[in-house]
Amino acid sequence: MPLSPTAPLGRLLLDATLFGLSGIVLLIVGYYLWEMITPYNLRLEIHENKNIAVAIVAGAFVIGMAIVIAAALSIVR
């Protein structure tokens, strides 16, 4: 049930906090799943080998996951 604009501020803040935290948790879980699936270690490639291509792909993946999660969470409301 969508909240009306006159809903109590506490309820709106609670909803925003819960949706934000669930989005962050889903993003972290997605990143670690992707790291388990890929045949190389992302942290090793980015930090020690200074592989810029892997860093760009990892950044694009995180942004893509964030967009999908944000869209999914906004539909729930």
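The table below gives the values:
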| quantity | calculated |
| --- | --- |
| Residue list for segment 46-65, filter: more than 19 Å from M36 (Cβ to Cβ) and aliphatic (A, V, I, L, M) | I52, A53, I56, I63 |
| Single match in A53, A71 (criterion: without any contact (Cβ under 8 Å) to a residue 24 or more places away in the chain and within 30 Å of L13 (Cβ to Cβ)) | A71 |
| Residues satisfying the stated conditions in segment 33-56, i.e. surrounded by 13 or more Cβ atoms within 10 Å (Cβ to Cβ) and either among the acidic types (D, E) or part of a helix (DSSP H, G or I) (or both) | W34, E35, L42, E45, I46, V54, A55 |
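Computed from the coordinates by the stated procedures, all read-outs in this text should not be read as laboratory data. None of the values given here were measured: they were computed from a predicted structure. Neighbour counts are summed over all protein chains in view; Cβ atoms, including those assigned to glycine, are modelled from backbone coordinates with ideal geometry.
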